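Contents: one structure, followed by commentary.
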Amino acid sequence: MLIHNIEVYRIEVPLHKPFRTALRTVDACHDIVVKVQCDDGIFGLGSAAPTPAITGESQESMIRAIKDFIAPSLMGLDLSHRVLIQDLIKSSLPGNSSAKAAIDMAIYDAWCKLHKISLPAALGGDCRKLTTDITICLDTPETMLTDTLEAISKGFESFKLKVGGALEEDLERISKVVLGTDNKFEYRVDANQAWSVDDSILICAKLADLGFNIPFVEQPVKSRDFEGLKKVSKSSPLRILADESCFSYRDALTLAQMDACDLFNVKLMKTGGIDEALRIIDLATEYGKECMISSMLESKLGITCAAAIACARPSINYLDLDASHMQRIDPFIGGVNISGPNIEFPNGFGHGISDVANLLTT
């Protein structure tokens, strides 16, 4: 079964309201969708989200990376040689992790269809039910509380609070949400690299003194400041999760050996593919670190593949796969079934997405 054609499309999925963090504000998912077509009719689908502030990739750069560099190296290869194909994807050009992840998803999907197996089963798991948190975007304290109360009405019990302003303002945001919901839930705090080392230590100490149910604080300092992250981790009474600091297995190994954080946030858009994500999760287990599987602001296809990893690794302690709730439409046919915080992987082969509506040619 030979790779016969690789097509790249654009897709625009509008959001219910703008998505705001300390790094960016966006009003739609501007993803790409990749279709890997084989000569016997089997095909696989993958997707990627542009996140310039984190991965350095735009929609156009991902399209060019795939069309000009990755796809030409794969044409005519036998799909059964999946490991070789994935090695070629990795070595096709430096960086471009999200573009590589899109191709990797599509290859995995087609390979699973060839072997008549679901993606979770191919990764060593089963199609279990999952539960995600929901993101509360950076806003005024009052708006963040209103958004949290609305999410509670839909069944959510865990919230990722996006902060990243002045210290006192962020304390007010967090306190407003936690006290306004009687500290009954789980409140994950994500600063998106916005704080200094000293401010991170100070705010973590204050939050701990307040007794809020905060399982961790995510990426308080700049992504490549591993020493600063370690200083915060060693000084903070709250656990520290590395997100933008942890792109690859090499990053995870360095952080683990330094003991610079307590948890890793694993995203396919950072790792460049499923196997690298699994390597990070297994490394975390070896070093006694916990993991969260997460996504960028991306389509249901990417979320479905991330959910498959969660199905395959029960060692993943936290899920942050809520992007679909922010989107006004769902152009994907198949994939995970999402109801409030509950995610259920479908039966069938591959990741279960059979088609996509409203694709735009590139």
Under a crude label model (7 Å from the Cα following the beta-carbon direction), how far is residue 339 from residue 93 in nanometres?
4.4
In nanometres, the difference between 0.36 nm per residue of separation and the alpha-carbon distance of residue 205 and residue 116 is 26.9 nm
What fraction, in whole percent, of alpha-carbon pairs in region 152-297 exceed 18 Å separation?
54
Does anything in region 194-224 have its amide N under 17 Å from the 7 Å Cα→Cβ label point of residue 254, and if so which residues?
219-224
Choose one answer from 16, 30, 351: the residue with the largest mean-square fluctuation in a GNM of the chain with alpha-carbon springs under 10 Å.
16
Residues residue 172 and residue 83, FRET efficiency given R0 of 56 Å [Cβ-Cβ distance, rounded to 0.05]:
0.65
Return the FRET efficiency for the residue pair residue 143, residue 287: r is the Cβ-Cβ distance, R0 is 45 Å, and the value is rounded to the nearest 0.05.
0.70
Taking 0.36 nm per residue of sequence separation and subtracting the Cα-Cα distance, how much length would be gained by fully extending the chain between residue 183 and residue 128, in nm to one decimal?
16.9 nm
Which order, highest average first, do 264-274, 96-106, 325-335 follow once you tally other Cβ atoms within 10 Å for each residue and take the mean per peptide?
96-106, 264-274, 325-335
In nm, the gap between the two label points placed 7 Å beyond Cα toward Cβ at residue 75 and residue 20 is 4.7
Take every Cα pair under 8 Å in region 122-356 that's 6+ residues apart, average their separations, divide by the length, and report that relative contact order as a whole percent.
20
Considering only C-alpha atoms, what is the centroid distance from region 99-124 to region 247-313, in Å?
17
For region 3-116: span of alpha carbons on each principal axis (Å, largest first):
43, 28, 19
With each run of n ≥ 4 DSSP H residues scored as -39500 (n - 2.57), what mean residue ellipticity at 222 nm is computed for the chain after dividing by its residue count and rounding to the nearest 500 deg cm²/dmol?
-11000 deg cm²/dmol
Against the longest alpha carbon principal axis of the chain, how many degrees, from 0 to 90 and to the nearest 10, is the axis of helix 226-235 turned?
40
Between the residues 101, 348, 152, the Cα farthest towards the positive end of the dipole of the chain, that dipole coming from +1 and -1 charges on the beta-carbon of Lys, Arg, Asp and Glu, is from 348
Expected max-MSF residue from 38, 311, 246 in the GNM of the chain (alpha carbon, under 10 Å) is 38
For P(r) over Cα pairs in 20 Å bins from 0, in percent, with candidates (i) 20, 41, 28, 9, 2, 0; (ii) 31, 58, 10, 0; (iii) 27, 57, 16, 0, the value calculated from the shown model is option (ii)
If the limit is 23 Å between Cα atoms, which of 116/289; 67/90; 129/222 go over it?
116/289; 129/222
Compute the long axis of helix 300-312 from its Cα atoms, compare it with the longest principal axis of the Cα atoms of the chain, and write down the angle in degrees, 0 to 90, nearest 10.
80
Helix 197-210 sits off the longest principal axis of the Cα atoms of the chain, rounded to the nearest 10 on a 0 to 90 degree scale, by 70
Charges at C-beta only: +1 for Lys and Arg, -1 for Asp and Glu. How large is the resulting dipole of the chain about its Cα centre, in Debye rounded to 20?
380
Based on the mean of other Cβ atoms within 10 Å per residue, sort peptides 177-183, 288-294, 278-284 so the most packed one is first.
288-294, 278-284, 177-183
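Since every read-out is calculated from the coordinates, none of them should be taken as a lab result. Quantities reported herein were computed from a predicted structural model and do not represent experimental measurements. So basically every Cβ, Gly included, is an ideal-geometry build from the backbone, and we count neighbours across all protein chains shown.
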